[in-house]
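The block underneath contains the structure these notes are about, expressed in structure tokens.
The values are calculated or read from the model by the stated rules, or taken from the named source; none is laboratory data. Computed from a predicted model, the values in this text were never measured in an experiment. Cβ atoms come from the backbone with ideal geometry, glycine included; neighbour counts cover every protein chain shown.
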Amino acid sequence: MATLTNAKRVVVKIGSALLVNRTTGNLRADWLHALAEDVHWLKASGLDVVLVSSGSIALGRGVLGLPATPLALEQSQAAAAVGQIRLARAYEDALAPHGIVTAQVLVTLEDSADRRRYLNSRATLEQLLGLGVVPIVNENDTVATDEIRFGDNDRLAAQIAVTVGADQLILLSDVDGFYTANPAEDPTAHRYEVIDSITAEIEGMAGDAGSGLSKGGMKTKLMAAKTATAAGCAMAITAGFALRPLQALQNGANATWFTAQSDPQAARKRWIAAMKPRGSVTLDAGAVAALNKGKSLLPAGVTTVAGPFERGDSIAILDPDNRIIGRGLCRYNSDEAARIQGRKSAQIETILGYPGRAALIHRDDMAL
């Protein structure tokens, strides 16, 4: 059975019903401050923590006095704009007493669908985590339309877990796991402790019903589990209403764990290796030796660039004898790569006119 303290990097998804009192529309401040204690505990245990939080529309709805009935798109966007600033401030107020710096990261589905924007999101989140910051991620509901929405934060949380290479994803919900049927309707329903494979039978047990404040039902949680586990990230569904729900999970609270199919780094390497290259770079012997020692590819080690390709595209990595030794996601387009090939990273800004990234291909974006 997975435990939180076995993880290195964990993503926690927080539903609207946990954060916002559905009767008053007010923030559940006591619950949030207790969650902050959990985050502090995880950080003190050496884990990186990312929070994917719903709640902006629910908070904004109450402030604006909008009805409890489903909102029109424009109303949802307005509520999100009002609620998002309150949500970010609430997290900052809860975590600051523990010496934890927070950051707000707003994304849309396009940020994961477009490879260049995906790489930007990944680089930003990696930098924040490297600085010890706890990112608070939410869908950018103020601008997202139905065509570019994740639709629920279960899917968003899974995508963020993949983006940051998390090894655990925790969905704090209003249910304490995955059941054979809806336990509110079927007294014979039983909860799974562990699910190793999401079969057609398992999918048939999922329903659509969500809480009054959230969109996600069990089907969306299974979709999240498929995404996360395929990328090497274990996922748990557990009830979040109690104070300090993460500590409770660690201590054996009811939950369903979906086991990872591999580790995050290996899954990412397989994904990169399977991509069709759009171009190539040829390296000198010194660069090949550096890559074999686990280093990133710097422009100085490149002798030839063949394109065309765009930033974020997969390209083949060739040794001096033009043999393919790997593939990677390039941080520059082919024109930019050709201009900086053979040059030191410190010269990039002078050549391109802006301070680019030091590596042409980062080691985490490379499969040898």
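Listed here are the residues, each with its yes/no results for (1) within 27 Å of Val39 (Cα to Cα); (2) surrounded by fewer than 19 Cβ atoms within 10 Å (Cβ to Cβ); (3) assigned by TED's automatic domain parsing to the domain that holds Val11.
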position: Val50; (1), (2), (3): yes, no, yes
position: Ser53; (1), (2), (3): yes, no, yes
position: Ile57; (1), (2), (3): yes, no, yes
position: Ala72; (1), (2), (3): no, yes, yes
position: Gly83; (1), (2), (3): yes, no, yes
position: Leu87; (1), (2), (3): yes, no, yes
position: Glu92; (1), (2), (3): yes, yes, yes
position: Gly99; (1), (2), (3): yes, yes, yes
position: Thr102; (1), (2), (3): yes, no, yes
Is it the case that some residue within region 187-205 is surrounded by 22 or more Cβ atoms within 10 Å (Cβ to Cβ) and in the same structural domain as Glu139 (by TED's automatic domain parsing)? no
Residue set Leu128, Leu169; condition of a type outside the set (S, T, N, Q), crowded, with 20+ Cβ neighbours inside 10 Å and modelled with pLDDT of 90 or more; output residue Leu169
Any chance region 285-297 includes a residue that's more than 25 Å from the chain's Cα centre (by Cα) and at positive phi? no
When Lys269 is run through (1) modelled with pLDDT under 95; (2) in a loop (DSSP other than H, G, I, E, B), the failure sits at (2)
The residue that is farthest from the chain's Cα centre (by Cα), considering only those in region 32-76 that are in a loop (DSSP other than H, G, I, E, B) and among the polar types (S, T, N, Q), is Thr69
Taking region 8-22 and keeping only residues that are modelled with pLDDT of 90 or more and not β-branched (Val, Ile, Thr), one is left with Lys8, Arg9, Lys13, Leu18, Leu19
The helices (runs of 4 or more DSSP H) lying entirely within region 278-367 that contain at least 1 residues which are of a type in the set (Asp, Glu), surrounded by fewer than 18 Cβ atoms within 10 Å (Cβ to Cβ) and modelled with pLDDT of 95 or more are 334-340
Every listed condition ((1) out of contact with any Gly (no Cβ under 7 Å at 6 or more places or on another chain); (2) part of a loop (DSSP other than H, G, I, E, B); (3) at negative phi) holds for Lys13 save (2)
